[in-house]
Structure formats: C-alpha cells, structure tokens
Amino acid sequence: MRMIFNPAEENEYRAVRGLLVHRFEQWARENGIDADPFVVEAALDYRHLGTPDGRLGLWDQPHIEEFLLDWVPWTVTVLPDEEPVDAPGTLRCLLRYLDDVHLADPRGASLPEVLEAVDAAAPRYAAAMADRSLWGLAKFWITTAAEQGVDVHDEQALQDFVGRAQGGEVPYDPEVLQTIVERHRRSSGPVRSEPQLPVALPGDDVLREQAGRSPVLWQLRQLAEWAGRDRRTLTGSGRLRLSDARELVERLNTGDDTDAVRSSADLPRLNLLVDWAKTARLIRVAKGRLYAVAKAEPVLNDPLALWRRAFDAFRELPSPVRRGRGGRYGESVLFVEYDMCDVVLPDVLATLYSLPYPMPWPGLRDSVHLAYRSGSPLEVFATDSIGFEQADDDLRTVLGVLEDLGAIECHQGMADPVFADLAMSENDLEGWAGIPTEDDDDLETPSGILPGMPTGLAGLLNDALPDETLSGDALLRDAQLDDEDTQRARKLKSELSSGPVELIRLTDLGTDSVRRRLLAEGRDAPLIGELAQASPAGVLGVLADHYDPESARAELAAWIAVHGDRSAALEQLVHAVRTMPFRTRAEAMLDVLVSSLDDGELLLRSLRSDSWLAPTALSLLARREILTPEDLTEPESLLMVAESLLQLCEATGADGVREVLRQQGREAEEALRAALASGHPDREGLADLQALAERVPRERKAHVGLVQQRGHRENGRRGGRRRR
C-alpha cells in the first residue's frame, strides 16, 4: 500500500482511501473517539489533489492551515439543517491515527507539532466556513438551493432550481458569486510536481568552502566593500558615474569594454552585478547615493549564506541578460517573449536537478524552443521571426553566469545514450521543458464541478466559468507542431549521437539551493541521509514509496550505521514490518529492506518460519520466483492463499473481493474456505474475510433470483433462462 499516487491513478487512490477510512473508523470506535469519516476523506483528497507533492502521510503547519481554512470551506457543504462539521477535531484524530499505525511520513512535522498547528488554526475555522467568498461554485449553488427550500437530494427538484437560476428567477448575492468566480479564474490549482530522485550532498562545511571559491561571490563582496558606508554619488538618472564604473570594471574584472563607452549603461556585466547586489540586499540606493547595507555584513562574512542569497536573488532579477546600447546586444527575446526568470530558468534548474547524467546542451536548448513554440501564436513561429539564435545566446549567457556563480559546471563529452532515445519521444521532450503533455490532463485539480454532481447543476456552474474552448488557430497550431516534431527529434538525435557536446550538470551548491527552493514550494526532494533519525517504520515506508534501488541502499546503510550494532538495527527494521497492520505495505517494506541488503535473500528465507511474517515472506519469495508452488508445504500453500486474498481486499476493497468471488464461483469459495482455515496470523483480516464469506452466497442467491424474474418478464415464459 502506497501513500502517494499519481493523480491519474484514481482507482488505486480511491481503493487506498477507502481502506484508510475503514481502518480509521475501526480505530476510532476502539478508542471511544467520535470522528467524521467524510472529513477524513476530504483530508486525504486535499493532500492527493490539492498539494504539489501528494504525500498522504506528510503534514506540516501550512498543510493544516490550508486544509482547515481554505480546502474545507471550498469543498465541504453543510446544508442548513445539518450539524456543523468538526474538521479540526477529526483532523486531530486522523493525525494521531497516522502516527499510531506508522503511516506518518517522518519528514513532516512531529505529532505534537501538528496537533499544536491544528489548535492554532481551529479558532479561525468557523469564520472561514461562514465566509461565502471562500466557497466553491458547487457549494454556493447547492447551499443557495437548500436555503430556498429545494430538496437537493431530489434530482428533479434540483433540475427545476437550475432552470429558474438560469432564467434569472433565483435570488442570490451577485457580488459573492463574482468573487467566487474570480477566485476560480485566478487559482488553477496546484500542478502535481514530478517526483525527484534522491540526491546526496556534503555537509555545510564543505559547501561553505566551495562557495568561497565562487568568482561571483568575490565580485559581490568587492562591490559592497567599494560602496562602503560613506556612499557613492550616482548620476541624475541613478546610474554609476562613468569614472566610478571604469574603476569597478577593473577592480571587479568584469570583462566589459570601457574604451568607447559614454555611459555606464553600456557596461552590461557591471550593471548585472550592481542589480544583483541590490536584489540580494547587499547594497542600496538612497538620496542619489549608493552604499552598503550594514545589516548584510554577517552574510558577507559567511560564504555559504552569501551564496544562497545570491542564488535566490538571481532568480528575482528583472533580466539577468543585459544588453549594451548600440552593440550586438539588443532586447532579449528569451525575456521579452518568454518569461525567463519565472518560467524557463526554474524549469531548466528543475530539469538538471537529480539527473543521473549530465544534460547535453542540444537537449536543453531544444526543450526551451519547444516551450516557446507551445505558447506562441501561430503566425509568430511560422515566420521564424522570434530569433531562436538570439534566444540560444541569451540562455548561454545565463548559464555562463550560473557557472561563474558555481551553480552549474560544464564540460565537453558524449551525451548518455538515454538522451538520444528520449529525443524521439515528443512527450519526453515536453517534460524536459516543463510543458504539460496530453497525459497531464489528469493532473488538473478539480474545479467547482465535483464528481457525481447532477448534470443540470454542472451546467449551471459552467455558465459561471469562462469559455476555454480551443480556437481554430490553436488547433491549427497543434497540427503544425505535430508535423514538425518528428523532423526536429531526428535532428536532435543525430546531434546527440554524432560526437562530443557540451554537458551541463548542477554542482553541489546548485543542487542544495534548488532543493531548498523545491521544498519551499511544497515539493518532494529526498536527500540521502535525512532519514537517519527516522523510526524503523518511517524509513522503510519512505524508501518503499520514494526511493530508487541505489538510493535506498545508501539511505538504509546510513540508517543502520547511525543505529550502532547491525544485528540490533536489522531486528528493529524487521519488527517494523511485523507490526505494520496493512498487508500490502508490510510486503513493500520487507521488499525494500531485503533489496537494500547484500544478504537480503538470506534474511528473507529466514523469515519463512516466522510465526507472524511467514505469509509476507512467502508472498515475496514467490514474487521473486525464489520459491515455486512445488516448494511450498501444504500449510504454507494455505497461508499464501490467505495472504493473496487479504492483499486483494486491501487493494480493491470488500466490493472488489465480492466481485471476484461472484465471478469465479465455487473455486473462489473453496479458496476462501482454505484461507479461513489457514491459521494466518492476521485475525482481523480473517474476520473481514469471514464476513465476506457469509454475505456472498446470500448476494448470489438474490442475484440469481433477480435474473429469473427478469427472464420471466422478458421472455413471457415461466422461469425464463437461468445463469450458471
């Protein structure tokens, strides 16, 4: 059982959500807790659909505030005659439950921290629920209908209400509705971020030493020292005086040509450094003078802190590509036509992040071209007037500055063959550029139109939303793009395969800062070693859900090293599998454990005789084809049957198991009886299977009776035809 799903995996997610809600209700009853399962569903939906990372078991203070004060008011409808929903109380219970059954992600806040966050947000919850401007469109119309006496559970009554509303006969607050519509337009919802591979980073001491070697950091520090606290006088237009600019060009070794310039505006690299230092809050202008910011002195004295501030400031610059007037440098197409700082640069950095191989320049270049073409009017790229060569120049300039900063490193070499293979896939190229592909349609967060909503009400909601129908030009543009894609891909593949190309990768400093940015955006960015202090169940759960095999081996080795004696550490990990109440997750945890150990198969074989873990171990041994059916004893075969049915019940829910039993008939019933007699240690699971075994024959009889009745009516003969 995973705790993260791609939004396209809707069936898989719904099955796990149903299982979690069912087990939560059981846990709440056993502990004498009154909680609302609908709120539990809403909380899981929020993490699955409403956040960039989608991790169901990870909760921090921002998640709790957004769920209680935004998501619940938007999505949860409380009709006038219903009791208010105690979302804070149920969320507290859910967080305690996740911690109790070892499903809480150890990278999130601790249980005391999340409970404190709920307590802090709870006093504002009632006001948020009452604020109609925070409601979704569906909630607005459903509540409006109920307040006017409409039975919203009556399809015909609701259809009549929709007709009156569309005819302007329903009173409502138009200002509130307009606010809701505008909010909907502004908020397209979070886009699920692509999962990132775990990265390995050195400690801050090593990063600090690397930062101290950055040429750009030296220049920024020299510039702040030159400005000093005595202030430097600027021209009337706020620029450096030409004499000061010439002095700085030499002092900072910017490489600008000062021979023929008549203004400091014609010194692009120097102007970039000045703007950069201003954006990083190292220098500032006041009353026509330039001077150093006194509060920045501690940062200037700490190379790592200065590097991180410079990296963040670079993304905030209005235009890192600076053009001198009258020279070859004009206005940058990359910045004017396609927003480099807000779109291309973050996507370039995210693309380079966690790549196992250096990115070849041709692949990076073409991904930016593709991003531009996908968002440009047909007539622009059809005439090839956008100047891709200049855009390439601009991108190289930006990459050069990042290289001087120490965020990336470039060298010549052969591109890894994987990039040539990817070149022939349009979707993969679009993924490099951060462009939504056709398959990404499923990643969109639902709008005010909710699943299962009456069709009439859905139409009413659509009336309030902007028309997003594709124009003819857009369709024509898509067709032209399709025609050209293959030719471009073949050219790119040839370029990547024919000889050495420039290869680009993030440095440790660049990786560290991109990771910090991803985390700030609420995205998942695993770091090898960050789980060293996690609980045994926590580390195995994260490895099973988020780590590739190589990274999992490194992370587990680090965890074992921190916990001293290897045998004792392994016993803790095995015990975590033993106490996991979810069969499918226990198997996933055991799988990642044995896969990450050199002697993993030996450990797995030894668990064959474990009184509790034998079914899980046998299932895994069979999946790995280490054991065949002929290798199993009769008791082991029965355990395997029981384990398979229990895992099926978790994966598909009780309805799925009932359907299998109905379809397979007597054979499935025999398997069910064998499972119940197997002595499987999961007594609660067997009790659920026993309940299914008692219900299925009754349901089958009712189903056959219904078929007989239909046959009698349809065929005009007594009894009709019977199904076997």
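Remarks
- Two-site label geometry, Phe38 and Thr235: point separation in nm, points 7 Å out along Cα→Cβ: 6.8 nm
- The lysines whose alpha-carbon is closer than 27 Å to the alpha-carbon of Lys287, local same-chain residues fewer than 8 away aside, are Lys278, Lys295.
- Peptide ranges 398-405, 193-200 listed from the most packed, as the mean C-beta count within 10 angstrom indicates: 398-405, 193-200
- Within region 399-419: backbone nitrogen closer than 14 Å to the Asn253 label point (7 Å, Cα to C-beta): 404-405
- Taking the centroid of alpha carbons for each part, region 659-687 and region 40-108 are 35 Å apart.
- Ranked Asp302, Asp688, Asp591, criterion: other C-beta atoms within 10 Å, fewest first: Asp302, Asp688, Asp591
- Inter-label distance, Glu194 to Asp81: 5.3 nm, where each label sits 7 Å from its Cα along the C-beta direction.
- With an a/c value under 1.5 for the gyration tensor axes a ≥ b ≥ c computed over the alpha-carbon atoms, region 536-627 is described as rounded.
- Computed FRET value (nearest 0.05) for Gln663 with Val206, which takes r as the C-beta separation and R₀ as 56 Å: 0.40
- With a cut-off of 18 Å on the backbone N, the residues of region 513-546 near the modelled label site 7 Å out from Val562 along Cα-Cβ are 525-546.
- FRET efficiency, Glu10 to Asn301 (Cβ-Cβ, R0 35 Å, nearest 0.05): 0.10
- Shape of region 10-186 from the C-alpha gyration tensor: prolate (a/c of 1.5 or more and a/b above b/c, with a ≥ b ≥ c the square roots of its eigenvalues).
- Using the Cβ-Cβ distance between His22 and Leu648 with R0 set to 25 Å, the FRET efficiency from 1/(1 + (r/R0)^6) comes to roughly 0.95.
- Within a straight-line Cα-Cα reach of under 18 Å, Lys491 can be paired with the following aspartates and glutamates, leaving aside sequence neighbours fewer than 8 residues apart in one chain: Asp366, Asp384, Glu389, Asp392, Asp416, Asp421, Glu426, Asp428, Glu430, Asp482, Asp483, Glu502.
- Pairwise label distance in nanometres, Ser494 with Ser263, each label 7 Å out on the Cα-Cβ vector: 4.6 nm
- Span from the region 241-273 Cα centroid across to the region 589-650 one, whole angstrom: 71 Å
- Other residues with beta-carbon under 11 Å from the beta-carbon of Gly255 carry, at +1 per Lys or Arg and -1 per Asp or Glu, a net charge of -3.
Since every read-out is calculated from the coordinates, none of them should be taken as a lab result. Treat the numbers as computed from the prediction; the structure is a model and nothing was measured. Here Cβ is always computed from backbone atoms with ideal geometry, including for glycine, and neighbour counts include all displayed protein chains.
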